[in-house]
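The values are calculated or read from the model by the stated rules, or taken from the named source; none is laboratory data. If you're wondering where the values come from, they're calculated on a predicted model, not measured in any experiment. All Cβ positions, even for glycine, are placed from backbone atoms using ideal geometry, and neighbour counts span all protein chains on display. All accessible areas refer to the heavy atoms of the entire protein, side chains included, with ligands and DNA or RNA removed. Shrake-Rupley method; radii C 1.70, N 1.55, O 1.52, S 1.80 Å.
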Amino acid sequence: MTILIDILKEQTRTEGALRAEALSAAWEHLTAQDILRKAITEQFIGDITLSSSFGADSAVLLHMVSQIEPNLPVIFLDTDRHFFQTIQYRDELVTKLGLTNLVNLKADPAEAAVEDDKNTLWRTQPNQCCDLRKVRPLNRFMEGFGAWISGRKRHQSATRTSLPIVEFDGKHFKVNPLATWTAADVEAYFVNHDLPAHPLVDQGFPSIGCFTCTKPVAAGEDARSGRWAGTEKVECGIHNPIYGGDGI
């Protein structure tokens, strides 16, 4: 039975990877709006969500989605450690853009009580903290969907320079409509569509996560260099592959 399961997993991974590669090639030079429209209304109808941190750049994708399908599930991973400005910004954008299907996901209370009873897991084991508060809640919710939209961009860090438009993690397709965008592209979109900025951007936060693990970024540094600064950690884990690699 184990061998059969492994064979089926490998077949799924291969088929998914080929489909993602084909879509990436076909969509590489499309606008972000066209990529979103094709993903939502053609390729993954009723089977796709948007994950949003409601961070520095988030209003761009949220605005685009509101113009295509305002009832699309928008996932917010509520770690109980977000800056209060992020929570306020989330509520402001949802109202302003008319988004009608915000989904707040939190860690399982029983798991949190066992694994982080002193609320210090972020300091002692940051990978496990992200797994508890982000990876597992998202994985549980995504059991009902086959694809999700991410706001990642190639310019953000050295680990994202080869980011494809569409990828397959072994179980889900991930669509990255803004992969080719620069910081200037994002800024122009904010201006052109009169979108409010996250309050922390002017305070030196180009990438905003939990207040326990996010610091301002110095001029010339990667946009995400303030995330888990001083450690080797560069991602929360939700974008690691399901099969193979480090897993999630």
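Applying the criterion of at least 3 residues that are in contact with an Asp or Glu (Cβ under 9 Å, 6 or more places away or on another chain) to the helices (runs of 4 or more DSSP H) found wholly in region 114-207 leaves 126-130, 136-142, 183-192.
Could you go through region 102-123 and let me know if any residue there is within 22 Å of Gly170 (Cα to Cα) and modelled with pLDDT under 95. The answer is no, given that none of the residues of region 102-123 is within 22 Å of Gly170 (Cα to Cα) and modelled with pLDDT under 95. Each residue in region 111-138 was checked for being loosely packed, with under 12 Cβ neighbours inside 10 Å and of a type in the set (Lys, Arg), and 2 pass. Among the candidates Ile45, Ile35, Ile40, the residue that is crowded, with 19+ Cβ neighbours inside 10 Å and over 24 Å from Ser207 (Cα atoms) is uniquely Ile40.
Could you check region 70-110 and list, in sequence order, the residues that are surrounded by fewer than 18 Cβ atoms within 10 Å (Cβ to Cβ), under 17 Å from the mean Cα position of the chain (by Cα) and under 21 Å from Asp194 (Cα atoms)? Across region 70-110, the qualifying residue is only Ile87. Out of Phe145, Phe205, one residue alone is open to solvent by less than 50 Å² (accessible area, probe 1.4 Å), of a type in the set (Phe, Trp, Tyr) and at pLDDT 95 or above. It is Phe145. Of all the criteria given as (1) open to solvent by 40 Å² or more (accessible area, probe 1.4 Å); (2) closer than 25 Å to Phe83 by Cα; (3) at pLDDT 95 or above, the one not satisfied by Pro196 is (1). Can you find a residue that is surrounded by 19 or more Cβ atoms within 10 Å (Cβ to Cβ), modelled with pLDDT of 95 or more, of a type outside the set (Ser, Thr, Tyr) and farther than 17 Å from Val186 by Cβ anywhere in region 55-65? Checking region 55-65: not a single residue is surrounded by 19 or more Cβ atoms within 10 Å (Cβ to Cβ), modelled with pLDDT of 95 or more, of a type outside the set (Ser, Thr, Tyr) and farther than 17 Å from Val186 by Cβ.
Considering Ser150, Ser162, the condition of being under 16 Å from the mean Cα position of the chain (by Cα), among the small types (Gly, Ala, Ser) and closer than 22 Å to Leu61 by Cα is satisfied by Ser150 alone.
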